[in-house]
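The values are calculated or read from the model by the stated rules, or taken from the named source; none is laboratory data. Fair warning: this is a prediction, and the values are worked out from it, not measured in the lab. No Cβ is skipped: glycine too gets one built from the backbone with ideal geometry, and neighbour counts run over all protein chains shown. When the accessible area is computed, the model is the full protein with side chains, heavy atoms only, and any ligands, DNA or RNA have been set aside. Shrake-Rupley method; radii C 1.70, N 1.55, O 1.52, S 1.80 Å.
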Amino acid sequence: MTYLTVPIASENLDQAGRQIKAALAAGAEMLELRTDYLENLNIDLVRNLIANIRTTAGRPLPLIVTCRDQRQGGVRPYPQHLRIDVLAAASKAGAEFIDVEFENFLRMENQEKIRVALSQSTKGRLILSAHNFSTKFESMKRIYRSILTLYPVAIPKLVYTANHINDCFEAFDLLYQTGGERIVFCMGEAGLISRILAKKLGSFLTFASVNEQNATAPGQLTIEQLQKLYRYDDIRPNTELFGVIADPVGHSLSPAIHNACFAEKGMNKLYLPLLVQGGQYKFDEFLNNIFYRRWLNFKGFSVTIPHKQNALNYVRARHGFIEPLAGKIGAVNTLIVGVEGKLAAYNTDYAAALDAITSMLKIGRSDLKDMSVAVIGAGGVARAIVAGLSDAGTKVKIYNRTVERAEKLAAEFGCEFAGLDDLQNLDAKLLINCTSIGMHPDVNATPVPQECLTKGIAVFDTVYNPAQTLLLKQAKRKKLKTIDGLSMFINQAAAQFKLFTGQDANAKFMRKTISDYLDRK
Ligand code: NAP
């Protein structure tokens, strides 16, 4: 069992009571009383708080009492003797667990007090912890072994800051290579996945906060995020893993959409946000780390900015399968891990865009032949769409702020090009915005002057947040046919879902999930 543990850090009994109730209602399985947060720390106060937790919980609930040393992340500079006395008293008062820094436990006077207190408690257990707030431990395994050599029934707790997602793998290795009760995870944004995978890899607990304001460590998720977004209750040792590789990744809708779809179909699969900072080298290192550890059971990835090209290069270098048009586009957004780690790379963006166009215009792909299309933008999305449209035989003209970029893309796919000023002379059946103009928060911007939206032109905006951009609103006012970015986003996510699972996605459910998610934000 991996206890979902919520820290409580208030000496105000009412406030603590509210936090406890909220934690229990959200599904907390264990509480941690962080006494180093208390303003007026003393033994009686801690005893009262423990009694209050018992009464408020109204049912047996394991409790950890911690009084963290400031050198290891504690909040207030309480002297060591007071901290140790508080923990000893907490154990005698019935706390199931007390957490003592291993470094401090090595001091004989501390060790004696703690050993005596534990011997007087019927059920009290000891967590011996080590924290590194700046980086990885020099030798985590050595600390782990030293803890168990000194106190074999202790629960070792080893927590460090991951400065890059690649730093998490040492934590995963320790969990994988050891058994029994141990707590191992990473702090910081780069360590976020370790707090989720703690359950898959059998850590004794993982921490989550009641809400963002009450987080007690960097990178801590809320209990709601863990449970609703990351399907905490459904994570098992054999859960298959997927994720979106990106930087930044926090804004990505993919974890919400894919996890909701996995849940809807009752699949033993979990989708993670994978923040991979850096260029090709760091990207390669990340995937190498994954493939070296098959036991993690990663089966597929979405890939987005800035790694679409890096992903293609990675698969090329390892002689994996590359969907031909993805190779021509020079970017992939989906990686599938096949039998014996064989990789396959796809680009679901261009097909998603073409399908959004054909279904809204109620035409077939072959009807795209010779259609005149204006594409605004020459970045990654424009590139995928231009490749798809050219492949379908349309006549594309690319308009871009940086004209040289438009010229380069046009040359590759045999299109025309122009600067944005030339939109005044627009003459096309379909206009596609592939720039970020109009995207949240700049929702009052549009890439196209209203007067250019003339009769008979259909308008497709790839921006999906908001789904109804100013460009689309203006087009609708002129009674033009419109296609929103959400349709393309859903199509590419549905195509990824099919590649990930072999099953068709429920597109209606996907659209509702995303719309609800965007409305909540
Ligand atoms: P990108 O590679 O960074 O390209 C951005 C493009 O927008 C470039 O052509 C850039 O012109 C242009 N641009 C940006 N700001 C501009 C401004 N203020 N004025 C004029 N042009 C500007 O980005 P991308 O990956 O192609 O993504 C573009 C947009 O597509 C995203 O913002 C997103 O809304 C949308 N998107 C939609 C989906 C979907 O599934 N619906 C998926 C991914 C992305 P320069 O070349 O002059 O810099």
Cα centroid of segment 195-253 to Cα centroid of segment 48-121, whole Å: 27 Å
Helix 380-391 vs. the chain, principal-axis angle (Cα, 0 to 90°, nearest 10): 40 degrees
Folded to 0 to 90 degrees: helix 13-26 orientation relative to the chain principal axis, Cα: 50 degrees
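Would you tally the net charge around GLY180, using a Cβ to Cβ cut-off of less than 14 Å, leaving GLY180 out, and scoring K and R as +1, D and E as -1?
Numbers: positive: ARG125, ARG145, LYS157, ARG182; negative: GLU181.
Around GLY180, the charge tally is +3.
Quick check: residue separation of LYS476 and ARG145 times 0.36 nm, minus the Cα distance between them. What number comes out in nm? Please report the intermediate quantities before stating the final value.
Values: separation 331, 0.36 × 331 = 119.16 nm, distance 6.72 nm.
Taking LYS476 through ARG145 to full extension adds about 112.4 nm, to one decimal.
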Proximal aspartates and glutamates relative to LYS21, as straight alpha-carbon distance under 18 Å, when same-chain residues fewer than 8 apart are discounted: GLU11, GLU29, GLU32, GLU212, GLU224
Reduced Cα scattering model of segment 451-499, Debye log10 I(q)/I(0), q = 0.14, 0.22, 0.23, 0.31 Å⁻¹: -0.38, -0.72, -0.76, -1.08
Bins of 10 Å, starting at 0 and running to the largest distance - Cα pair percent for segment 351-499: 12, 45, 37, 5, 0
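Could you check what % of the DSSP bridge pairs in segment 334-476 are antiparallel, to the nearest 5? Walk me through the numbers on the way to the answer.
Working: 4 of 21 bridges.
Restricted to segment 334-476, the bridges split so that about 20 percent are antiparallel.
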DSSP beta bridges in the chain [antiparallel fraction, %, rounded to 5]: 10 percent
Sequence-distant residues sharing a close amide H with LYS157 (under 5 Å, placed H): LEU128, SER129, ALA130, ILE183
Above-threshold pairs, the threshold being 23 Å between Cα atoms, out of LYS369/LYS429; LYS141/LYS342; LYS429/LYS508; LYS200/LYS228; LYS429/LYS498; LYS136/LYS199: LYS141/LYS342; LYS429/LYS508; LYS429/LYS498
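Students sometimes get this wrong: rank GLU138, GLU340 by accessible area, probe 1.4 Å, all chains present, largest first.
Details: GLU138 190, GLU340 160 Å².
Largest accessible area first, the list is GLU138, GLU340.
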Residues whose placed amide H lies under 5 Å from that of HIS440, excluding near-sequence neighbours: ASN465
Test item: Cα-centred dipole of segment 302-366, Lys/Arg +1 and Asp/Glu -1 on Cβ, debye: 120 debye
Phi-based couplings in Hz for segment 40-45 (Karplus 6.51, -1.76, 1.60; Gly and Pro marked x): 10, 4, 7, 5, 4, 4
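What does the charge add up to near THR239, with Lys and Arg as +1, Asp and Glu as -1, over the other residues with Cβ less than 13 Å from its Cβ?
On the way: positive: LYS199, LYS200, ARG231, ARG236, LYS269, LYS299; negative: ASP233, ASP234, GLU240.
Local charge sum for THR239: +3.
Residues with beta-carbon under 11 Å from that of LEU270, excluding LEU270: net charge, scoring Lys, Arg +1 and Asp, Glu -1? Don't jump to the answer; show the numbers that get you there.
Values: positive: LYS199, LYS200, ARG231, ARG236, LYS269, LYS299; negative: ASP234, GLU240.
For residues surrounding LEU270, the net value is +4.
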Percent RCO, i.e. relative contact order, over the chain, from Cα pairs under 8 Å lying at least 6 residues apart: 8 percent
Computed over the chain, Kirkwood Rh from alpha-carbon pairs, angstrom: 25.5 Å
Convex hull projection area averaged over all views, segment 4-49, Cα basis, nm²: 3.0 nm²
Phi to ³J(HN,Hα) by Karplus 6.51 cos²θ - 1.76 cosθ + 1.60 over segment 77-91, Hz, x for Gly, Pro: x, 6, x, 4, 5, 5, 4, 5, 4, 4, 5, 4, 5, 4, 5
HN-Hα J in Hz across segment 63-70 - Karplus 6.51, -1.76, 1.60, θ = phi - 60°, x for Gly and Pro: 10, 9, 10, 10, 9, 5, 5, 4
Label-point separation, TYR292 to GLN177 (7 Å along Cα→Cβ), nm: 1.1 nm
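Just the ratio, please: alpha-carbon radius of gyration of segment 68-220 over 2.2 N^0.38 Å, N its number of residues.
Its radius of gyration relative to the 2.2 N^0.38 Å reference: 1.03.
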Segment 119-194, dipole about Cα centre (Lys/Arg Cβ +1, Asp/Glu Cβ -1), debye to the nearest 20: 380 debye
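For segment 1-106, what relative contact order do you get, as a whole percent, if you take Cα pairs closer than 8 Å and at least 6 residues apart?
Working: 156 pairs, mean separation 27.7, N = 106.
Relative contact order here is 26 percent.
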Selection from ALA352, THR206, GLY330, by position along the positive dipole direction of the chain (Cβ): ALA352
Share, in percent, of DSSP beta bridges within segment 301-390 that are antiparallel, nearest 5: 75 percent
For segment 153-290, fraction of C-alpha pairs farther apart than 23 Å, in %: 31 percent
Orientation-averaged projected area, Cα convex hull of segment 1-132 (nm²): 7.7 nm²
C-alpha long axis of helix 168-177 to longest principal axis of the chain, angle in °: 60 degrees
Stokes-Einstein D for segment 145-221, Kirkwood Rh over Cα pairs, 10 °C, 1.306 mPa s (µm²/s): 124 µm²/s
ARG365/GLU212 FRET efficiency (R0 56 Å; Cβ-Cβ; nearest 0.05): 0.75
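To the nearest whole percent, what portion of all C-alpha pairs in segment 278-402 is separated by more than 21 angstrom?
Values: 3545 of 7750 pairs.
Of all Cα-Cα distances in segment 278-402, 46 percent exceed 21 Å.
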Within segment 346-375: backbone nitrogen closer than 19 Å to the PHE321 label point (7 Å, Cα to C-beta): 346-352
Point-to-point label distance, ILE305-ASN42, nm (Cα→Cβ direction, 7 Å offset): 5.6 nm
Lys, Arg +1 and Asp, Glu -1 on Cβ, resulting dipole of the chain about Cα centre, debye, nearest 20: 980 debye
Average silhouette area of segment 241-310, convex hull of alpha-carbon atoms, in square nanometres: 4.5 nm²
Amide H partners (placed H, <5 Å) of SER209, local residues excluded: LEU221, THR222, ILE223
